[in-house]
Amino acid sequence: MDRENIFKKMVENHLWLEKTAKINLNIIDSEYQSSKCLMCGCCLEICPNFSEKSEFLGALGMVNIFKLINQSPNNDHKNKIINNYNKNYYDKCGKSLSCHHVCPINLPIEEMLINSNRIIVWGKKL
């Protein structure tokens, strides 16, 4: 897999922290878990829904979005992340969770997916 395509997709989806992070002590353990992602791409290699040519971000994108959505202040940048999550992750993920089983550091991908959907898709707080 060409890692350049992964980083290009991350830039296209605004996956960076634009302002100073706000830390929620109630979910700091989950945020810490997401920051441990190696960005190795194993989750993308096994995912039946991922293709380098599609806009789907795969678990690698979702794990980063999980951290950013919790740490970003409410602004236009955060809204772009939310819109891109719905369009390029939530609508395209088949929820096979093959990514969960292949992660070399055993990130709690399923938990992050559930919490990301709770926050972004259903508008609930953690």
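The values are calculated or read from the model by the stated rules, or taken from the named source; none is laboratory data. All of these numbers come straight from a predicted model, not from anything done at the bench. Neighbour counts run over all protein chains shown; Cβ positions are idealised from the backbone, glycine included. Each accessible area value is taken on the protein alone, full model and side chains, heavy atoms only, with ligands, DNA and RNA left out. Shrake-Rupley method; radii C 1.70, N 1.55, O 1.52, S 1.80 Å.
Tabulated results
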read-out	value
The lone exception for Cys43 - which of (1) under 16 Å from Ile119 (Cα atoms); (2) out of contact with any Lys or Arg (no Cβ under 8 Å at 6 or more places or on another chain); (3) outside any loop (DSSP other than H, G, I, E, B) it fails	(1)
Residue in region 68-81 that is touching a residue at least 60 places away in the same chain (Cβ under 8 Å), open to solvent by 20 Å² or more (accessible area, probe 1.4 Å) and out of contact with any Ser or Thr (no Cβ under 7 Å at 6 or more places or on another chain) present	yes
Subset of region 1-17 [assigned to a loop (DSSP other than H, G, I, E, B) and modelled with pLDDT of 85 or more]	Asn13, His14, Leu15, Trp16, Leu17
Selection within region 15-59 - open to solvent by 80 Å² or more (accessible area, probe 1.4 Å), within 19 Å of Glu111 (Cβ to Cβ) and touching a residue at least 40 places away in the same chain (Cβ under 8 Å)	Ile23, Asn26, Leu38, Ile46
Test: residue in region 42-55 that is under 15 Å from the mean Cα position of the chain (by Cα), of a type in the set (A, V, I, L, M) and at pLDDT 90 or above	yes
Test: residue in region 67-76 that is among the hydrophobic types (A, V, I, L, M, F, W, C) and under 18 Å from Lys124 (Cβ atoms)	yes
Filtered residues of region 25-38 (kept if in contact with a helix residue (DSSP H, G or I) (Cβ under 6 Å, 6 or more places away or on another chain) and not in a helix (DSSP H, G or I))	Cys37
